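A.B. asks: This is the structure I want to talk about, given as C-alpha cells.
The values are calculated or read from the model by the stated rules, or taken from the named source; none is laboratory data. Note that the coordinates shown come from a computational prediction; the quantities given were computed from them, not determined experimentally. Methodologically, a virtual Cβ is constructed for each residue, glycine included, from the backbone with ideal geometry; neighbour enumeration extends over all protein chains shown. Areas reflect the complete protein model, heavy atoms only, side chains present, ligands, DNA and RNA absent. Shrake-Rupley method; radii C 1.70, N 1.55, O 1.52, S 1.80 Å.
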Amino acid sequence: MQLTTPRLELGPFSPDDGAALHGYLGRSDVVRFEPYGPLSRAECDAEALRRVTDPRFVAVRLTGGTLVGHLYAARVEPQAWRTWTVGYVFAPGHGGRGYATEAVDALLDALVHDGARRLTARCDPRNDRSWRLLERVGMRREGHEREAASFADDEHGDPVWHDAYLYAQLAHERPDAARTGR
Ligand SMILES: CC(C)(COP(=O)(O)OP(=O)(O)OC[C@H]1O[C@@H](n2cnc3c(N)ncnc32)[C@H](O)[C@@H]1OP(=O)(O)O)[C@@H](O)C(=O)NCCC(=O)NCCS
C-alpha cells in the first residue's frame, strides 16, 4: 500500500526503521493496550525488518520521511465476507495533531477502494483516545464485548480479562460513498 494524504505518506516499512519504532514501541504507556509489552531496541530492529515483507503493516511518515506511527490492516476469514480489521499505534510526540485520524481515514478509503465491504476495529473501553479516533473517522460502536481478551496474567498466573468495544463501518457508509456511487 502506498498512499499520500495532505500531510502524510503511507507505505512500506524500511529495515532501518528500528530506532524510530523503538521511540514509541519501547514505551509502556504507548503499548498499554497492546497484546505485548514495551519492545527493546533489538526487538524493534527485528520488527522493522519483519514488517518490510508483512503487507498488513503500513508505516506512516510525515512528508519528508519521519516515521510517526503505523497502521495494521488484516483481512478477516472467510475472505468472501470482504471484511477487514484495522489497528494503529502512533508516537506520542506526534499525537494530538490529527495524524492518526488522517492516516486511518485514508486506510479505510483505500480498503474500500480495493473491495472491502465491512471495516472493523476493536479497542479496550479504557482506551478513550482510540475509540474517539474511531468515531472521528465515522465508525459506529456495534458492541461491548465482556471479558473479550487477555494480554497479561495476574500474580497467580491467571489471565486478566478485559472488555472490548467493537467498532464497524460498511463501505457504503464511508463519507464519499454517495459521490463514488458505492
Ligand atoms: C490511539 C492513538 C493513535 C490516538 O492518538 P491521537 O493523537 O489522539 O489521534 P490523532 O493523531 O488523530 O489526533 C487527534 C487529536 O488531535 C486533535 N487534532 C488537532 N488537529 C487535528 C486535525 N487536523 N484533525 C483531527 N484531529 C486534530 C483532535 O482534536 C484530537 O484531540 P482530542 O482527542 O484532544 O480531541 C494514540 O493514542 C496511540 O497510538 N495510542 C497507543 C496505541 C493504541 O492504544 N492503539 C490503539 C489500540 S486499540
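A.B. asks: Answer yes or no as to whether Asp45 is touching a residue at least 12 places away in the same chain (Cβ under 8 Å) and more than 15 Å from the ligand (Cβ to nearest atom). Step through it out loud before you land on a result.
C.D. replies: Values: touching a residue at least 12 places away in the same chain (Cβ under 8 Å): yes; more than 15 Å from the ligand (Cβ to nearest atom): yes.
Yes, satisfied.
A.B. asks: Another question, then. Inside region 124-143, can you point out the residues that are farther than 19 Å from Trp84 by Cα and either touching a residue at least 60 places away in the same chain (Cβ under 8 Å) or open to solvent by 70 Å² or more (accessible area, probe 1.4 Å) (or both)?
C.D. replies: Taking region 124-143 first, the residues farther than 19 Å from Trp84 by Cα are 125-129, 132.
Within region 124-143, Arg126, Asn127, Arg129, Arg132 qualify.
A.B. asks: Could you list all residues from region 1-40 that are of a type outside the set (Ser, Thr, Tyr) and in a helix (DSSP H, G or I)?
C.D. replies: First, the residues of region 1-40 that are of a type outside the set (Ser, Thr, Tyr): 1-3, 6-13, 15-23, 25-27, 29-35, 37-39.
Across region 1-40, the qualifying residues are Pro15, Asp16, Asp17, Gly18, Ala19, Ala20, Leu21, His22, Gly23, Leu25.
A.B. asks: Any residue in region 11-20 that is open to solvent by 50 Å² or more (accessible area, probe 1.4 Å), in contact with a Leu (Cβ under 8 Å, 6 or more places away or on another chain) and modelled with pLDDT of 95 or more?
C.D. replies: Restricting attention to region 11-20, the residues satisfying the condition of being open to solvent by 50 Å² or more (accessible area, probe 1.4 Å) are 12, 15-16, 19.
Adding the requirement that they be in contact with a Leu (Cβ under 8 Å, 6 or more places away or on another chain) leaves 15.
Next cut, modelled with pLDDT of 95 or more only: 15.
Yes, the conditions are met somewhere in region 11-20.
A.B. asks: From the list Arg82, Arg51, Arg56, Arg97, which residue is at positive phi and not aromatic (Phe, Trp, Tyr)?
C.D. replies: Details: Arg51 fails: at positive phi; Arg56 fails: at positive phi; Arg97 fails: at positive phi.
Only one candidate passes the filter, namely Arg82.
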